[in-house]
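Down below is the structure, laid out as structure tokens.
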Amino acid sequence: MRIEILDRLFAMGLFFLGLYISVSAPSYGYLSEGNPGPGFFPLWVGILIAGLSIVNFVRSVAGKETLTNEISVPGLLKPALVTLVLVAFVFLADVLGMILACAALVLAIGRIIHPRWDRVFTMKILATAVLFPVAASLAFGTYLGVPLPVGVLGF
């Protein structure tokens, strides 16, 4: 398969993902007591993903952007897996809650991009998996007053 076709298919896939996020986000609540609600940021991120994907698609079709290197199937595996993990995160955030889903996302992406964990990498990725969701929860949930999805375990 030619690389231009793969680029266009990926752009369209990201467009539909962004569209899905944008359409689903308002159901979480756009505003909550005058503050951004849990659907505020996903709505704008989804719009951004969809918009930039359309720009990429149009540039590819118009010949403004051409890829010169061939991409091998194994070379597509990591981005495809990261994309699947991000899609899973969108669905798991409701079940697990934002904190646990974020921690799982960090660990899964760490495993994909660096399959063999040494001691130093393991410590870094575990620290990131704990500190990032807690910091994000404090920033958005506490400081900004954005109600975050809470999962079955209460996180």
Listed residues A136, A104, A127, most fluctuating in the chain (Gaussian network, C-alpha, under 10 Å): A127
Residue with peak Gaussian network fluctuation, the chain [Cα springs, cutoff 10 Å], from L105, L126, L17: L126
Using a Gaussian network model of the chain with C-alpha springs under 10 Å, which one of F140, F91, F57 is most mobile by mean-square fluctuation? F91
Report, in degrees rounded to the nearest 10, the 0 to 90 angle that the Cα long axis of helix 73-96 makes with the longest principal axis of the chain. 30 degrees
Taking Cα pairs closer than 8 Å and at least 6 residues apart, the relative contact order of the chain in percent is 25 percent
Which one of G18, N56, S32 is farthest out on the positive end of the charge dipole of segment 1-69, using unit charges on Cβ (Lys, Arg +1; Asp, Glu -1) and the Cα centre as origin? N56
Over what distance in Å are the Cα centres of segment 82-155 and segment 18-62 separated? 20 Å
Electrostatic dipole magnitude of the chain [Cβ: Lys, Arg +1; Asp, Glu -1; Cα centre; debye, to 20]: 360 debye
Give the shape of segment 27-95 as rounded, prolate or oblate, defined through the alpha-carbon gyration tensor: a ≥ b ≥ c are the square roots of its eigenvalues, a/c under 1.5 means rounded, and otherwise the shape is prolate if a/b is larger than b/c and oblate if not. oblate
How far apart, in nm, are the 7 Å Cα→Cβ label points at F16 and R2? 2.2 nm
Taking 0.36 nm per residue of separation and subtracting the Cα-Cα distance, what length does fully extending S32 through D118 add? 26.6 nm
Sticking with the crude label model, points 7 Å out along Cα→Cβ, report the distance from L81 to A127 in nm, one decimal please. 2.4 nm
Heavy atoms of the protein only, probe of 1.4 Å, neighbouring chains included. What is the accessible area of E65 in Å², nearest 10? 60 Å²
Cα-only Rg/Rh for segment 71-154 with Kirkwood Rh rounds to 1.04
Suppose a student asked you for the relative contact order of segment 71-154, using Cα pairs under 8 Å spaced at least 6 residues apart; what percent would you report? 39 percent
Prolate/oblate/rounded call for the chain, Cα gyration tensor, a/c under 1.5 rounded: oblate
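The values are calculated or read from the model by the stated rules, or taken from the named source; none is laboratory data. If you're wondering where the values come from, they're calculated on a predicted model, not measured in any experiment. Positions of Cβ are backbone-derived with ideal geometry, glycine not excepted, and every protein chain shown enters the neighbour counts. Accessible surface is based on the protein model in full, side chains and every heavy atom, while ligands, DNA and RNA are left aside. Shrake-Rupley method; radii C 1.70, N 1.55, O 1.52, S 1.80 Å.
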